[in-house]
Every structure is written in structure tokens, then in C-alpha cells.
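**Student:** Here it is, the structure, as C-alpha cells.
The values are calculated or read from the model by the stated rules, or taken from the named source; none is laboratory data. Source: prediction; values computed, not measured. Glycine also receives a Cβ, built like all others from the backbone with ideal geometry; neighbour counts cover every protein chain displayed. Just so you know, the surface numbers come from the protein's heavy atoms only, side chains and all, with ligands and any DNA or RNA stripped out. Shrake-Rupley method; radii C 1.70, N 1.55, O 1.52, S 1.80 Å.
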Amino acid sequence: MSRRPPRGEYIETDTGNKVARKATLVGTQNIMLGGKTVIQPEVMIRGDLVRSIQSSSSSSSGTPNNTAVAIGRYCFLSRASCLRPPGRFYKGAFTYMPLRMGDHVFVGPSSVIQAASIGSHVHIGARVVVGEFAIIKDYVRVLDETVIPPNMVIPSFSIVAGQPARVIGEVPEGGHEAFELRDLYKTVGNNPQPPAS
């Protein structure tokens, strides 16, 4: 009878990422996590959807860049959210382009993200759909159940809602601290700390 300690719900990496054992990361060699990122149970990240066409500039250096999903620091992917790189026809063949996400990005539960890029300090609500090749700039709040159409560019400091999405307001001056996710990061994992009050 072995007396091993019980395995925690999360696997913690050397860079402080907390990945739920019940999350699905496909093609992990193509997923880059910046550190201190939380990936909750039932999250799916499709790192297997990589660029199929190598550009001549990357092949000359000898090391092709096959990052499908790049996530910054202090990001929080809520339960049952899905990140997949956007795809399109390029030079006669269907290929995927990388999905890049900045720092302090919160993705709400059951949201599907197929954006080309998401800036830093972005809050995406629950059950949001971000269409292919959409670009979300810094300090943006996307309200619950919003549908952002493909190729839409959302300017910095916007509040977005609707189906299809439209800008309905702007983040107030001084409201930028609300986007910090350091304290939320500490409340998750195998040894959670209660939120500081």
C-alpha cells in the first residue's frame, strides 16, 4: 500500500502555469504559455491546427515557427472555453494562422475564441463567440453572450456587446485595474489562497 499524497486537480509547470488535469490540450508542442496562466477543467486548446504552408523566410533559418496558440502571462481560461487558431485558404491551400493572446486576458466559461490576436488586459465574458481573424486591442471588455463577427477589429478601451457585436461604451478612466488577474491567479490551484480583502 503506497502512501503517496493525492494528486491535485491542477498540474503546475515550472513557469507557474496551472493546468487542470481535465483540460484538453491538443498539439501541446505548438502551444506557448507565457507563465502564471490558469487553464480550468474542460478547456480545449487546439494546438494541432498549425500552419500547413511554410513561408520561405522561416525555412531559410532552418527552424519553422509552428506556434498555433500563444498565450501571455496571467491569463485565465474558464471552464469549457475553447481556443482554436483561425484558418483560411492561402496560396490555394487551406491553412491555419496563429492565435496570439496578450497578458491578463480573462476568457469566460463556454466561450469560443478564433481570433487572430487579443491584446493585453482584455475581459471576455461567458458564452462569447469571437469569429475568425477578429482582432481585439488592449483594455477591452466583451460582455456575456456577445458574438464578434470574423475580421472585426475592436479598438482599445471599448466595451462590446450584441449579436453581432458593436461598441456600446468605453472603459472609464481609472478602470484599468479591474483587468489585473494576479489576485484571481492565486485563488486557483492545489493550494489556493483566499482573495485579499
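**Student:** Residues with beta-carbon under 15 Å from that of Arg46, excluding Arg46: net charge, scoring Lys, Arg +1 and Asp, Glu -1?
**Tutor:** Summing Lys/Arg as +1 and Asp/Glu as -1 gives 0.
**Student:** Now for a separate question. So for the chain, if I pair up every lysine 8 or more residues apart or on another chain, how many of those pairs have alpha-carbons under 29 Å apart?
**Tutor:** Summing the qualifying lysine pairs gives 9.
**Student:** What nm distance separates the two modelled labels at Asp183 and Val167, each placed 7 Å from Cα along Cα→Cβ?
**Tutor:** Placing both labels 7 Å beyond Cα along the Cβ direction yields 2.9 nm.
**Student:** Mind checking the per residue accessible area of the chain for me, 1.4 Å probe, whole number of Å²?
**Tutor:** On the way: 10520 Å² over 197 residues.
Per residue, the chain has 53 Å² of solvent-accessible surface.
**Student:** Another one. If amide hydrogens are placed 1.01 Å from N in the peptide plane, which non-local residues have theirs closer than 5 Å to the one on Arg166?
**Tutor:** Close amide H contacts, sequence-distant or interchain: Ala161.
**Student:** To continue, here is another question. Could you give each residue of region 158-174 its phi-based ³J(HN,Hα) in whole Hz, using Karplus coefficients 6.51, -1.76, 1.60 with θ = phi - 60°, and x for Gly or Pro?
**Tutor:** 9, 10, 10, 8, x, 9, x, 5, 8, 6, 10, x, 9, 5, x, 4, x
**Student:** Students often check this: by mean Cβ neighbours within 10 Å, which of 72-78, 173-179, 131-137 ranks highest, and how do the rest follow?
**Tutor:** 72-78, 131-137, 173-179
**Student:** Also, I was wondering about something else. Please pull out the direction-averaged projected area of the chain, using the convex hull of its alpha-carbon atoms, in nm² to one decimal place. Please list the in-between numbers first.
**Tutor:** Values: hull surface 56.4 nm².
So the Cα hull casts an average projection of 14.1 nm².
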